[in-house]
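Notes follow the structure.
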Amino acid sequence: MGADSGPGAPAAVPWRKVLYERQPFPDNYVDSRFLEELRRNIRVRQYRYWSVVRETGLIAQQVSWVAIFLTLWYYMEQGVLVPSAVLWVSMGCALLGYGLYEILGRAGVRERTRLADLQSAAIFLAFTFGFSPVLKTLTESVSTDTVYAMSAVMLLAHLVSFPYAQPSPPGSLSLNAALFGSVCLASRLPGALHTFTMLSCALLEFALWPCLLHRIREKAKWSFPWAAGLVCLGGVGGVGSLWPEGAVLLSMALLILTLLCPLLLVHLQRHKDNIHGPWDEAEIREDLSHFLD
């Protein structure tokens, strides 16, 4: 590409990068300065291995929570765990978690009062307990294999759609998928109290725990790896009590997720080659939010 040349060519005129101006150059002409504006990897983020390992702990502990939930469901379905005991333990954990949440957020501004939190908890418990007999019979006309398949798909969707970058509050798609899978599994338990206990555990694990974990990451960063590690140990131990080979597979999956995948990310980051230049689309950097008011 270049300007016309020859005896009849116009006099040398410097090319200007202007759109609405007639110039003696072809429309696709660029001069030698075109590649001078080439920039490489100007927005590439450099990762450190142990920082990435720390962040993958959030994914590992969420996978482990699913394993813990399935372990609780299996033991309740087999009659090994009494639903009333599980319910009291869950309520105790919820109170301890709420107290820790309040302690860590003491210096911040509260958006809700404690009375509002208590009312929300009471409303949820009342409605869930009242509708437990209905939820218990919700999937009676559906085959057990179909219920298990739907539960597996929903729990997988929960893990895939979970907002790991900002887990508090959990995303609506992720939370709804987890609760739907929980309802499917709870409908196969022996009684209404089992169903109520299972749904209460689901809310505690999939809705309330991410909020507490997010505050731990913000206010007590040193304790986040310990919390995630304990959850992972609980998940592996729960699966190991049912299926030792499954515990080995889960341990390997968690190790690959937390140690090997970050190493692969850091290694591949060195080979990243993004180019930027005058051919990029224009970016509006002005704040246009006032037009939406």
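Worth pointing out:
- Residue count, region 135-149 (criterion: under 18 Å from L203 (Cα atoms) and over 29 Å from the mean Cα position of the chain (by Cα)): 1
- Residues that are exposed (fewer than 15 other Cβ atoms within 10 Å of the Cβ) and assigned to a loop (DSSP other than H, G, I, E, B), drawn from region 133-142: T137, E140, S141, V142
- Scanning region 256-291 for residues that are exposed (fewer than 12 other Cβ atoms within 10 Å of the Cβ), at pLDDT below 75 and part of a loop (DSSP other than H, G, I, E, B) yields a count of 10.
- Within region 91-108, the set of residues being closer than 14 Å to K219 by Cβ, aliphatic (A, V, I, L, M) and free of Cβ contacts under 8 Å to residues at least 40 places away in the same chain comprises I103, A107.
- Among residues of region 143-184, those that are hydrophobic (A, V, I, L, M, F, W, C), outside any helix (DSSP H, G or I) and surrounded by 17 or more Cβ atoms within 10 Å (Cβ to Cβ), counted: 1
- Test: S223 is farther than 21 Å from M150 by Cβ and surrounded by fewer than 16 Cβ atoms within 10 Å (Cβ to Cβ): yes
- The lone exception for L249 - which of (1) under 20 Å from the mean Cα position of the chain (by Cα); (2) assigned to a helix (DSSP H, G or I) it fails: (1)
- Identity of the residue in region 209-249, touching a Phe, Trp or Tyr at 6+ places or on another chain (Cβ under 7 Å) and among the β-branched types (V, I, T), that ends up modelled with the lowest pLDDT: I216
- Only a single criterion out of (1) farther than 25 Å from V80 by Cβ; (2) in contact with a helix residue (DSSP H, G or I) (Cβ under 8 Å, 6 or more places away or on another chain) is not satisfied by T113, namely (2).
- Number of residues in region 42-72 that are in a loop (DSSP other than H, G, I, E, B) and either under 30 Å from L179 (Cα atoms) or touching a Lys or Arg at 6+ places or on another chain (Cβ under 6 Å) (or both) equals 1.
- Annotation: W243 fulfils all but one of (1) open to solvent by 90 Å² or more (accessible area, probe 1.4 Å); (2) touching a residue at least 40 places away in the same chain (Cβ under 8 Å); the unmet one is (2).
- The condition of being exposed (fewer than 12 other Cβ atoms within 10 Å of the Cβ) and touching a residue at least 12 places away in the same chain (Cβ under 8 Å) holds for only one of I68, I42, I59, that being I42.
- Scanning region 108-127 for residues that are open to solvent by less than 50 Å² (accessible area, probe 1.4 Å) and part of a loop (DSSP other than H, G, I, E, B) gives a single hit, G108.
- Qualifying residue in region 194-205 (condition: among the aromatic types (F, W, Y), over 17 Å from the mean Cα position of the chain (by Cα) and either closer than 17 Å to I68 by Cβ or surrounded by 19 or more Cβ atoms within 10 Å (Cβ to Cβ) (or both)): yes
For every residue, the table says whether it meets (1) open to solvent by 80 Å² or more (accessible area, probe 1.4 Å); (2) modelled with pLDDT of 90 or more; (3) assigned to a loop (DSSP other than H, G, I, E, B); (4) closer than 30 Å to K17 by Cβ.
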site: E36; (1), (2), (3), (4): yes, no, no, yes
site: Y74; (1), (2), (3), (4): yes, yes, no, no
site: L81; (1), (2), (3), (4): no, yes, yes, no
site: F129; (1), (2), (3), (4): yes, yes, no, no
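The values are calculated or read from the model by the stated rules, or taken from the named source; none is laboratory data. None of these values were measured; they are calculated from a predicted model. We place every Cβ from the backbone using ideal geometry, glycine too, and count neighbours over all the protein chains shown. Just the protein is used for accessible areas: all its heavy atoms, side chains included, with ligands, DNA and RNA removed. Shrake-Rupley method; radii C 1.70, N 1.55, O 1.52, S 1.80 Å.
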